[in-house]
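Undergrad: Let me give you the structure first, and then I'll get to my questions.
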Amino acid sequence: MKILGILVLISVLQVTHSSSDTLVKLTNNGYDDIIIAINPKIPQNEKLINNIKIMVKDASSYMMKATENRVFIRSVKILLPNTWASNSTYGRPKTESYDKADIIIADPFISGDFPYTLQYGGCGERGKYIHLTPNFILNDKILRIYGPRGRVFVHEWAHLRWGVFDEYNDDIPFYISARGNVEATRCPLNLQGVNKVDICTGTKCEKIDCEIDPLTGVFEEECSFIPIVDRNVHESVMYGQALDPVHSFCNEKSHNKEAPNQQNRLCNRKSTWEVIMNSQDMKTSAPLADTNIPDPTFSILQYKDRVVTLVLDVSGSMGGNDRIARLYQASEVYIMQIVESGSYVGIVDFSSDAIVKSELVKILDTFQREQLKQLLPKVANGGTNICAGVRKGLEVNRKLDTSTYGTEIVLLTDGEDGGISSCFDEVKASGAIIHTIALGNSADKGLEVLADITGGLKLYASDNVDANGLIDSFSGIKSGSGDVIQQSIQIESTATGIQPSKCLTGKVTIDNTVGNDTFFLVTWISLIPSIALTDPKGKEYKNDQFVSDAISKSTRLKIPGTAEKGDWEYSICNTYTGEQVLGLTVNSRAANPNVPPIIAETYMNADTNSFPTPMIVYATVTQGLAPVLHAKVTAYIEPQNGKVITLPLLDNGAGADIIKNDGIYSRFFTDFHQNGRYNLKVRVESQETDSKATVPKSRALYLPGYIENGTLFSNPPKPKITVEDLNLGNFSRTASGGAFVVSNVPAGPLPDVFKPSRITDLFADFEDKIVVLTWTATGDDEDKGNATSYDLRMSLSSETLLDDFENGTAVNISSLTPSSSGSREEFRFTPHNTTIKNGTIFYFALVAIDKANLKSEPSNVARAALFLPRNSASSLLGAGNTLIVTLLMTIIAFHL
């Protein structure tokens with residue numbers, strides 16, 4: 001019954017919170033515990049705090065109005081870095097941290113003060129964080145461009161919390177409507193405006209009327225829509241929150257279904273209000289009769305020094321499968337290479353009882369690291385009392401300043417403990433963060449609960465030493481302060497079985513963003529291998545320059561100063577008479593305190609899953625919050641049987657990936673081998689010179705100006721953002737994504753239950769009277785493999801395809817054999833039994849079918865229009881009003 005109770009508690013907790021999820025609570029219509037975190041690189045500025053408070057207060061009342069009296073902001077926690085001067089009035093964080101913040105205040109790596117929200121899920125799914133710059137918070141001149149800060153906050157909150165998308169489109173700012181009119185991409189359609197382009201001479205610019213481009217039928221490039229302020233038009237927060245009368249979301253009646261924007265494409269043309277009302281927040285929040293809401297309350301919290309105690313299982317079961325030696329090896333890596341300087345570190349061993357091996361020691365240099373390393377456990381015996389270890393760890397943490405708030409425990413165990421639930425309440429009350437590492441297949445199921453109730457990481461390592469899983473788990477436990485300059489970055493992590501006299505060879509790239517505190521760690525199982533490491537200038541390092549540790553079966557080389565940039569080639573050869581697993585792990589830190597390093601992070605869409613629901617793997621690659629494009633990203637997923645599944649992740653805007661080229665790499669995961677824990681890790685490599693940093697997608701709308709009472713109020717031209725100089729060259733990263741748990745996987749061969757994923761990038765075009773359709777191929781199981789066939793439908797009405805796909809006119813597409821998932825598909829045909837003339841508009845939708853006759857959801861509706869701009873004909877009339885030139889056909893096509 002205890003195990004059943006724990007499993008139920010896991011289920012409840014993971015619906016409401018996971019380590020990668022928000023800490024925000026919605027109670028009685030009010031949002032509590034919103035975290036706004038200030039980056040450590042931001043100089044101390046009291047005005048920043050005051051302006052944040054004003055922004056949130058304004059946002060609360062605006063949110064209340066925009067949601068028709070349903071929700072408001074009750075409480076906010078502002079998290080200050082420890083680089084700011086301390087203040088006795090500041091509180092101490094518990095589980096709050098920079099990496100769990102809902103709103104991040106940080107300088108942009110690429111210039112620009114545009115607010116944006118990182119969204120990686122589909123329609124209605126929560127985003128990861130909102131990014132606002134200090135200049136956006138402090139500089140009132142920006143308010144002319146984006147609107148009042150409180151309104152911008154609600155616009156971004158709708159992205160973050162309710163999973164809606166923008167109703168404008170910087171890539172397709174204008175389109176031709178079904179009536180043949182050129183319209184700005186906006187919602188609602190009855191928001192009127194003028195179309196102007198800036199003509200600049202020197203520093204002086206003038207706005208003039210835009211002209212129709214005869215080759216496209218829409219307005220010329222750089223043309224901007226300038227809205228007219230209309231007191232009777234109140235929509236939409238996701239388009240024009242900067243306009244004073246706007247205080248509502250587009251609903252079913254006002255929604256512009258034709259607009260080629262992300263909201264229509266990703267939400268199947270549902271209005272933002274429909275999506276918001278379908279959220280759990282709105283389902284549990286009836287409109288308030290009393291709209292006199294209280295002002296938000298604010299708690300100012302500030303980081304203290306990092307305090308972390310290793311709580312390590314030394315019970316008898318740790319003596320099997322070489323676990324105690326692997327524990328020593330991995331925790332030694334953590335102490336010597338990973339934990340940040342300035343941290344306080346303690347060590348507790350536990351079996352039937354717990355023993356303090358080291359009180360807290362402040363890491364200042366290698367001396368303290370070596371001192372702690374000598375105290376790591378080497379012998380295993382006794383029972384398993386997890387709570388005894390946790391309590392002792394909290395006791396150690398409390399000795400620094402009598403509080404456990406915000407301190408951390410790294411708990412590693414391979415055993416089960418029927419009494420683990422006895423300390424759940426005191427752990428939750430402690431305000432400490434517990435990161436759990438489950439080693440082997442029998443580690444207690446309650447570990448996930450300990451991590452969940454404290455906001456810690458959930459990690460898992462199998463007994464398969466080829467996977468390097470335990471070292472990777474420890475490498476993923478970093479400070480949540482947001483100071484990436486101090487964090488250790490894993491450049492390489494590999495391990496494999498090597499035959500006698502054979503070698504593990506390859507190269508490790510030290511790129512321009514890292515190089516300080518660089519370690520090369522070689523591990524073995526039976527006998528130390530022969531090592532040859534060559535730096536980019538040809539200098540060679542051999543065994544005698546590495547420092548070996550027979551207990552941890554590892555040997556380490558620390559590169560003095562800043563490591564040479566470029567490729568370091570290695571050859572690690574097996575000197576043992578039999579096969580043994582040899583491994584290489586390389587860590588480094590930022591080379592320049594003013595240049596953020598390239599960072600890779602990975603996570604699943606859920607911590608727990610029940611077959612046959614597919615899961616999604618995500619990886620973000622960034623430099624200073626700027627997305628990194630065109631990288632090669634591969635996920636390695638290890639179930640408990642140790643058979644690693646390799647899954648390439650894509651940033652192509654298809655399948656699980658919702659937006660192309662946003663630095664978020666995604667893929668569906670359906671290869672469930674068994675029940676139990678799975679471990680996730682990714683490897684990121686640059687694609688030669690193609691990888692580059694760029695500006696984030698889904699930026700807030702840059703308002704060029706507005707017209708009120710007949711007067712045009714103009715803003716400065718939108719600044720040009722160039723990314724040509726941001727090519728990153730060669731680099732590599734590995735990152736641990738922690739553990740997730742799968743249940744209800746049937747024994748034996750899995751049934752074919754996964755249908756092809758929905759196609760979301762169908763695009764239609766005309767070439768003469770031939771329709772050209774393009775899209776990204778989906779798979780047999782979601783976005784894996786090949787679909788078997790396609791079902792293509794067309795209609796003169798988009799509603800027909802949206803409401804009843806089967807009622808559309810079938811187009812014979814049997815000549816096209818589906819390509820492998822992720823490939824570009826193209827299909828051409830000439831419509832029959834219909835008249836194609838100027839103004840003809842066709843709508844298309846597509847379904848993929850797999851070998852089990854399972855069908856995908858209908859694709860986005862693509863629209864192809866054959867249109868002759870009115871002005872092009874009249875301007876070409878000759879004498880006697882006779883048209884003397886061949887008609888010019890302009891093709892307009894886009895996907896909704």
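The values are calculated or read from the model by the stated rules, or taken from the named source; none is laboratory data. What you see is a predicted model, and the numbers here were worked out from it, not measured in a lab. Virtual Cβ from ideal backbone geometry, glycine too; neighbours counted across all protein chains shown. The protein model used for the area step is the full one, side chains on, heavy atoms only, and it has no ligands, DNA or RNA in it. Shrake-Rupley method; radii C 1.70, N 1.55, O 1.52, S 1.80 Å.
Undergrad: Treating only the Cβ of Lys, Arg, Asp and Glu as charged (+1, +1, -1, -1), what charge dipole size does the stretch 485-620 show about its Cα centre? Round to the nearest 20 debye.
TA: On the way: 10 positive and 13 negative charges, 46 e Å.
Here the stretch 485-620 has a charge dipole of around 220 debye.
Undergrad: I would also like to ask the following. 5 Å is the cut-off here: which amide hydrogens, built 1.01 Å from N in the peptide plane, fall below it relative to Asn675, excluding neighbours closer than 5 in sequence?
TA: Correct list: Val745.
Undergrad: Using 1/(1 + (r/R0)^6) with R0 = 30 angstrom and r between the beta carbons of Ser299 and Asp425, what's the FRET efficiency to the nearest 0.05?
TA: 0.80
Undergrad: Can you give the accessible area per residue of the chain, in Å², using a 1.4 Å probe?
TA: That works out to 40 Å² per residue.
Undergrad: When all protein chains stay in place, what accessible area (Å², nearest 10, 1.4 Å probe) is found for Thr505?
TA: For Thr505, the solvent-accessible surface is approximately 90 Å².
Undergrad: Still on this structure, I have one more. With label points built 7 Å along Cα→Cβ from the Cα atoms of Ala85 and Ile551, find their separation and express it in nm.
TA: 4.6
Undergrad: Another question, if that's okay. Non-local amide H neighbours of Val218 (under 5 Å, H modeled in plane, Pro and chain starts lacking H): which ones?
TA: Under 5 Å from the amide H of Val218: Asp213.
Undergrad: Consider the candidate values (1) 45, 36, 29; (2) 86, 30, 21; (3) 50, 32, 27; state which one is semi-axes √(5λ) of the Cα gyration tensor in Å computed from the structure displayed.
TA: (3)
Undergrad: Could you work out the relative contact order of the stretch 500-626, using alpha carbon pairs under 8 angstrom and six or more residues apart, expressed as a whole percent? Before the final figure, lay out the partial values.
TA: Working: 255 pairs, mean separation 43.7, N = 127.
Taking the mean separation of contacting Cα pairs over the length of the stretch 500-626, I get 34 percent.
Undergrad: At 0.890 mPa s and 25 °C, plugging the Kirkwood radius over alpha-carbon pairs of the stretch 356-475 into Stokes-Einstein gives what diffusion coefficient in µm²/s?
TA: Working: Rh = 15.4 Å.
Value of D from the Cα-based Kirkwood radius: 160 µm²/s.
Undergrad: What FRET efficiency comes out for the pair Ala289/Asp567, r = Cβ-Cβ distance, R0 = 60 Å, nearest 0.05?
TA: For Ala289 and Asp567, the calculated efficiency is 0.30.
Undergrad: Let me have the 222 nm mean residue ellipticity of the chain computed from DSSP H runs of 4+ only, each contributing -39500 (n - 2.57), with the sum over all residues rounded to the nearest 500. Can you show the working numbers first?
TA: Values: 17 runs with 143 residues, N = 896.
Value at 222 nm, helices only, nearest 500: -4500 deg cm²/dmol.
Undergrad: Roughly how many debye, to the nearest 20, is the charge dipole of the chain about its Cα centre, given +1 on each Lys and Arg Cβ, -1 on each Asp and Glu Cβ, and no other charges? List each step's numbers first, then the result.
TA: Numbers: 84 positive and 103 negative charges, 206 e Å.
Charge dipole of the chain: 980 debye, to the nearest 20.
Undergrad: When DSSP beta bridges are limited to those with both residues in the chain, what percentage is antiparallel, rounded to the nearest 5?
TA: 75
Undergrad: While we're here: What fraction of the DSSP beta bridges in the stretch 317-450 is antiparallel, stated in percent and rounded to the nearest 5?
TA: Among the beta bridges of the stretch 317-450, antiparallel pairing accounts for roughly 50 percent.
Undergrad: Let me ask you something else. Can you compute 3J(HN,Hα) from phi for each residue in the stretch 665-673, using the Karplus curve 6.51 cos²θ - 1.76 cosθ + 1.60 with θ = phi - 60°, rounded to whole Hz and x for Gly and Pro?
TA: 9, 9, 6, 6, 10, 10, 7, 7, 8
Undergrad: At 1.4 Å probe size, with the rest of the protein present, what percent of the exposed accessible area of the stretch 583-665 is carbon and sulfur atoms?
TA: 53
Undergrad: Please list, in order, the residues from the stretch 513-538 whose amide nitrogen is less than 13 Å from a point placed 7 Å along the Cα→Cβ vector of Ser341.
TA: 516-518
Undergrad: Label point 7 Å out from Thr27 along Cα-to-Cβ: which residues of the stretch 51-82 have amide N under 14 Å?
TA: What the label zone holds, given the 14 Å backbone N cut-off, is 74-76.
Undergrad: With axes computed from alpha carbons, what is the tilt in degrees of helix 149-162 against the longest principal axis of the chain, rounded to the nearest 10 within 0 to 90?
TA: 70
Undergrad: Let me ask something else. Give me the aspartates and glutamates in straight-line cross-link reach of Lys362: C-alpha distance below 20 Å, same-chain residues under 8 apart excluded.
TA: Within the straight-line limit of under 20 Å, Lys362 reaches these aspartates and glutamates: Asp305, Glu332, Glu340, Asp349, Glu370, Glu395, Asp401, Glu408, Asp483, Asp517.
Undergrad: Considering the options Ser86, Leu584, Gln623, tell which one lies farthest towards the positive end of the dipole of the chain, charges being +1 on Lys and Arg and -1 on Asp and Glu at the Cβ, about the Cα centre.
TA: Ser86
Undergrad: Cross-link partners among lysines for Lys253, C-alpha distance below 20 Å, same-chain residues fewer than 8 apart left out?
TA: Lys65, Lys270
Undergrad: Stretched out fully, how many nm does the piece from Asp804 to Val356 gain, at 0.36 nm a residue minus the Cα gap?
TA: 154.5 nm
Undergrad: What percent do you get for the relative contact order of the stretch 371-500 when only Cα pairs under 8 Å and 6+ apart count?
TA: That works out to 17 percent.
Undergrad: Right, another one. Which listed residue (Gly446, Thr402, Asn381) has the Cα farthest towards the positive end of the charge dipole for the stretch 362-473, taking +1 on Lys and Arg C-beta and -1 on Asp and Glu C-beta about the Cα centre?
TA: In the stretch 362-473, that residue is Thr402.
Undergrad: For the stretch 496-552 and the stretch 301-363, what is the separation of their Cα centres, given in Å?
TA: 25
Undergrad: Ranked from the most accessible area to the least, with a 1.4 Å probe and all protein chains present, what is the order of Asp662, Asp107? Before the final figure, lay out each step's value.
TA: Working: Asp662 15, Asp107 90 Å².
Listed by decreasing accessible area, they come as Asp107, Asp662.
Undergrad: Where the only charges are on Cβ atoms (+1 Lys, Arg; -1 Asp, Glu), what is the dipole of the stretch 412-478 about its Cα centre, to the nearest 20 debye? Walk me through the numbers before you get to the answer.
TA: Numbers: 4 positive and 11 negative charges, 58 e Å.
About 280 debye.
Undergrad: Among DSSP bridges having both ends in the stretch 730-820, what percentage is antiparallel? Round to the nearest 5.
TA: About 90 percent, rounded to the nearest 5.
Undergrad: For the stretch 305-345, give the percent of accessible area contributed by carbon and sulfur heavy atoms, probe 1.4 Å, rounded to a whole number.
TA: Taking all protein chains in place, the stretch 305-345 shows 43 percent carbon and sulfur surface.
Undergrad: So what is the relative contact order of the chain, in percent, for Cα pairs below 8 Å that sit 6 or more residues apart? Each step should come with its number before you reach the end.
TA: Numbers: 2239 pairs, mean separation 94.5, N = 896.
The normalised contact order for the chain reaches 11 percent.
Undergrad: I've got another one for you. Per residue of the stretch 810-826, in order, report the coupling 6.51 cos²θ - 1.76 cosθ + 1.60 (Karplus, θ = phi - 60°) as ³J(HN,Hα) in whole Hz, putting x for Gly and Pro.
TA: These are the phi-based 3J(HN,Hα) values: 6, 10, 5, 10, 5, 6, 9, 8, x, 7, 5, 3, x, 7, 7, 10, 9 Hz.
Undergrad: I'd like the per residue volume of the convex hull spanned by the Cα atoms of the stretch 433-498, given in cubic angstrom.
TA: 69
Undergrad: Considering only Asn786, Val484, Cys123, whose Cα is most displaced toward the positive end of the charge dipole of the chain, charges sitting on Cβ of Lys, Arg (+1) and Asp, Glu (-1)?
TA: Working it through, the farthest residue towards the positive pole turns out to be Val484.
Undergrad: Leaving out same-chain residues fewer than 8 places away, which lysines sit with a Cα under 18 Å from that of Lys537?
TA: Filter leaves Lys507, Lys558, Lys565.
Undergrad: Label-point separation (nm) for Gln192 and Glu579, each offset 7 Å from Cα along Cα-to-Cβ?
TA: A separation of 7.8 nm, rounded to one decimal place.
Undergrad: For the pair Asp768 and Asn594, what calculated FRET efficiency results from E = 1/(1 + (r/R0)^6), where r is the Cβ-Cβ distance and R0 = 56 Å, to the nearest 0.05?
TA: Approximately 0.50, to the nearest 0.05.
Undergrad: Per 5 Å bin, what is the whole-percent P(r) computed from every C-alpha pair distance within the stretch 99-168?
TA: 3, 17, 27, 24, 18, 8, 1
Undergrad: For the stretch 67-72, just list the computed ³J(HN,Hα) in residue order, Karplus coefficients 6.51, -1.76 and 1.60, θ = phi - 60°, integers in Hz, with x standing in for Gly and Pro.
TA: 9, 6, 6, 9, 9, 8
Undergrad: Amide H neighbours of Lys660 under 5 Å, at least 5 residues apart or on other chains, H built in the peptide plane: list them.
TA: The list, which skips near neighbours in sequence, is Gly653.
Undergrad: Just read off the accessible area of Cys210 with the full protein assembly in place, 1.4 Å probe, to the nearest 10 Å².
TA: My reading of the accessible area for Cys210 is about 20 Å².
Undergrad: How many angstrom lie between the C-alpha centres of the stretch 200-263 and the stretch 126-185?
TA: One Cα centre to the other: 12 Å.
Undergrad: Kindly report, to the nearest 10 Å², the accessible surface of Ser430 as traced by a 1.4 Å probe over protein heavy atoms only.
TA: 10
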